[in-house]
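Asks: Here it is: the structure, laid out below.
Where a number appears in this text, it was derived from the coordinates with a stated rule and is not lab data. Keep in mind that this is a model prediction, so the values were computed, not measured. Reconstructed Cβ throughout: ideal geometry from the backbone, glycine too, with neighbour counts over all protein chains shown.
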Amino acid sequence: MRDTPTEYLARCHCGALTARYLTAVPIDAWSVRACQCSFCRAHAVLSTSDPAGSLAFYPRDPAVVQRYRFGLGTADFLICRECGVYVGAVFASGGHRFGILNLRALQALPEALKEPIPMSYDNETMSERVARRSARWTPVLKGEFVDAWPLALGQMRNGREHTAKTQGHRGTLAEKNATAGAPQTQEPLTAECGFPRGYLAGSLLQKSGLLL
């Protein structure tokens, strides 16, 4: 493993939803998984994650992101409403959020990637799925993008449904900081063990077009 993490940029086809993946694992040592569920097969998904790395998602506008749940309903699969591309997924447990990246969304698929390993999780129980994702998925950076999303499992099945319920009674990160007299966050905060809820600094929602 390298000492210094390397940043990898991903995006949907139209660029409305981007992602930044930071890992010190060399590309030829990445875990490349080809989930055999119907969703992942339909999208030809190749997933990777690094429990010691970090992951962040940057929508040009939060409204372009479809948060899709299926199966046990334990993760939000992030799909661009504009172009239909699946970029990654986010899972919440124990007050923390973790994610995976769809390698197909990288700017260029690295040539040194290992052959994908077909994976089937159909027989997992809820507790087994929570334990696997908590141990294997990548910590997601804190901030504003999904700060209003539920941190408990099974609270929603549809992103629009939850958004309708939460709009109007959750302020933005900037508003909360202003109320508390704290300075507004300008850059994403480093993920660490025990990081509080949230993902991205609010200011980065305006910068997402510059990431690529």
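Asks: First measure r as the distance between the Cβ atoms of GLN107 and ALA135, then evaluate 1/(1 + (r/R0)^6) with R0 = 35 Å and state the FRET efficiency to the nearest 0.05.
Replies: 0.80
Asks: Taking the stretch 64-94, which chymotrypsin sites (Phe, Trp or Tyr not before Pro) meet the DSSP loop condition and have no more than 15 other C-beta atoms within 10 Å?
Replies: Listed in order of number, the matching sites are PHE70.
Asks: What net charge is computed for the residues neighbouring MET119, neighbours being all others with C-beta under 15 Å from the C-beta of MET119, Lys and Arg scored +1, Asp and Glu -1? The partial results should precede the final answer.
Replies: Numbers: positive: ARG33, ARG41, LYS114, ARG129, ARG132, ARG133, ARG136; negative: GLU115, ASP122, GLU124, GLU128.
After counting each charged neighbour, the total is +3.
Asks: Collect residues whose amide H, placed 1.01 Å from N in the peptide plane, falls under 5 Å from the amide H of ASP50; neighbours closer than 5 in sequence don't count.
Replies: Distant-sequence amide H within range of ASP50: THR138.
Asks: If we sort 109-122, 15-28 on the protection proxy, mean other Cβ atoms within 10 Å, highest first, what's the order?
Replies: The packing order, highest mean first, is 15-28, 109-122.
Asks: If we sort 47-53, 136-142 on the protection proxy, mean other Cβ atoms within 10 Å, highest first, what's the order? Spell out each step's value before the answer.
Replies: Numbers: 47-53: 19.6, 136-142: 23.1.
Answer by packing, highest mean first, reads 136-142, 47-53.
Asks: Over the stretch 1-145, calculate the relative contact order: mean separation of alpha carbon pairs under 8 Å at least 6 apart, over the residue count, as a percent.
Replies: Working: 297 pairs, mean separation 42.9, N = 145.
For the stretch 1-145, the relative contact order is 30 percent.
Asks: Tell me the label-point distance for the pair ARG41, ARG81, using the 7 Å Cα-to-Cβ offset, in nm and rounded to one decimal.
Replies: Between ARG41 and ARG81, the label points sit 3.0 nm apart.
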